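A.B. asks: What follows is a single structure, and I will ask about it in a moment.
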Amino acid sequence: MLDKMHHLALGISVILFLSGMPGLFAQETALPPLDEPRIDRVQKPWTAAEASILVPRENNGRVLGVWSTCANAPALCNAWLEFTDYLLQDSSLPIRDRELLILRIGYLNQGAYEWAAHRGLALAVGISEQELKQITVGSDDPRWSEWDATLLRAAEELHENALITDGTWGALSARYTKRQMMETVFTVGQYNMVAMYLNSLGVQFEEGWIGPPID
């Protein structure tokens, strides 16, 4: 349990630090689709139920809006966070692969907050600034490796038809285990839902965050 909490705290620190770093697209990036929240973040003093969610996710006095907005409904939030924490801590997908899937489905759903939250982590695991721009183009960008293009295509197919085609499934299964195949689908599905949540509730950027580039 302590190892998991340390892992979670480290991940939050990376997101908070790196997502706010100046970047190539800092002056030309998308913002959340709503310019103000529909449901406010919970504020201190927290209730016991809110604190049970937010204290483990607090870093230097800061709690991301994705968590503090969710905490308005603690029972719902806890149920969702169990799945979220699995995908971020226990998934067997390589982190770079996971972040490619998340950023592509986030971009397709105009999930600017989702993109900004994962941008720093993506950079930390070897996705370059140029590749961030290529993610907005998608699997058809010729600069991708065959494998990276396959991952992006899986996200695109799930977004368009809620179904990975036979060709893409076969390409994924040449490298992935059964568990990883399932985690691919569940990861894209999860972050499809996350974009719906963040967009519809109007969760606003954290200070200094950078959204996806605008063409």
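A.B. asks: So, in region 45-64, of the ones that are in a helix (DSSP H, G or I) and touching a residue at least 40 places away in the same chain (Cβ under 8 Å), which residue ends up surrounded by the fewest Cβ atoms within 10 Å (Cβ to Cβ)?
C.D. replies: Among them, the one singled out is P56.
A.B. asks: May I pose another question? Please state which one of S145, S92, S128, S68 is touching a Lys or Arg at 6+ places or on another chain (Cβ under 7 Å), over 30 Å from Q43 (Cα atoms) and modelled with pLDDT of 95 or more.
C.D. replies: S92
A.B. asks: How many residues are in contact with a Leu (Cβ under 7 Å, 6 or more places away or on another chain) and under 30 Å from G65 (Cα atoms) if we restrict to region 167-184?
C.D. replies: Residues meeting the conditions: 3.
A.B. asks: Can you tell me which residue is surrounded by the most Cβ atoms within 10 Å (Cβ to Cβ) among those in region 111-132 that are part of a helix (DSSP H, G or I) and more than 11 Å from the chain's Cα centre (by Cα)?
C.D. replies: Selected residue: L132.
A.B. asks: Is it the case that some residue within region 79-95 is farther than 22 Å from P32 by Cα, out of contact with any helix residue (DSSP H, G or I) (no Cβ under 6 Å at 6 or more places or on another chain), of a type in the set (S, T, Y) and assigned to a helix (DSSP H, G or I)?
C.D. replies: yes
A.B. asks: In region 133-145, how many are surrounded by fewer than 18 Cβ atoms within 10 Å (Cβ to Cβ) and touching a Leu at 6+ places or on another chain (Cβ under 8 Å)?
C.D. replies: Residues meeting the conditions: 2.
A.B. asks: Moving to a separate point now. Restricting attention to region 160-215, which residues are among the aromatic types (F, W, Y) and out of contact with any Pro (no Cβ under 8 Å at 6 or more places or on another chain)?
C.D. replies: Of everything in region 160-215, those that are among the aromatic types (F, W, Y) and out of contact with any Pro (no Cβ under 8 Å at 6 or more places or on another chain) turn out to be W169, Y176, F186, Y191, Y197, W209.
A.B. asks: Can you name every residue in region 164-185 that is more than 15 Å from Y86 (Cα to Cα), crowded, with 17+ Cβ neighbours inside 10 Å and among the β-branched types (V, I, T)?
C.D. replies: Across region 164-185, the qualifying residues are I164, T168.
A.B. asks: So, L76, is that one buried (at least 20 other Cβ atoms within 10 Å of the Cβ), among the hydrophobic types (A, V, I, L, M, F, W, C) and part of a helix (DSSP H, G or I) or not?
C.D. replies: No.
A.B. asks: Could you list all residues from region 133-144 that are in contact with a helix residue (DSSP H, G or I) (Cβ under 8 Å, 6 or more places away or on another chain) and part of a helix (DSSP H, G or I)?
C.D. replies: I135, T136
A.B. asks: Any residue in region 195-206 that is over 19 Å from the mean Cα position of the chain (by Cα), small (G, A, S) and at pLDDT 95 or above?
C.D. replies: No, region 195-206 has no match at all.
A.B. asks: Among the residues of region 188-207, which ones are acidic (D, E) and buried (at least 17 other Cβ atoms within 10 Å of the Cβ)?
C.D. replies: Matches in region 188-207: E206 only.
A.B. asks: Go through the residues of region 175-183 one by one and say whether even a single one is within 18 Å of the chain's Cα centre (by Cα), within 26 Å of A30 (Cα to Cα) and either touching a residue at least 40 places away in the same chain (Cβ under 8 Å) or assigned to a loop (DSSP other than H, G, I, E, B) (or both).
C.D. replies: no
The values are calculated or read from the model by the stated rules, or taken from the named source; none is laboratory data. Please read these numbers as outputs of a predicted model, since none were measured by experiment. Counting neighbours? That spans all protein chains shown, and the Cβs are built from the backbone with ideal geometry, glycine included.
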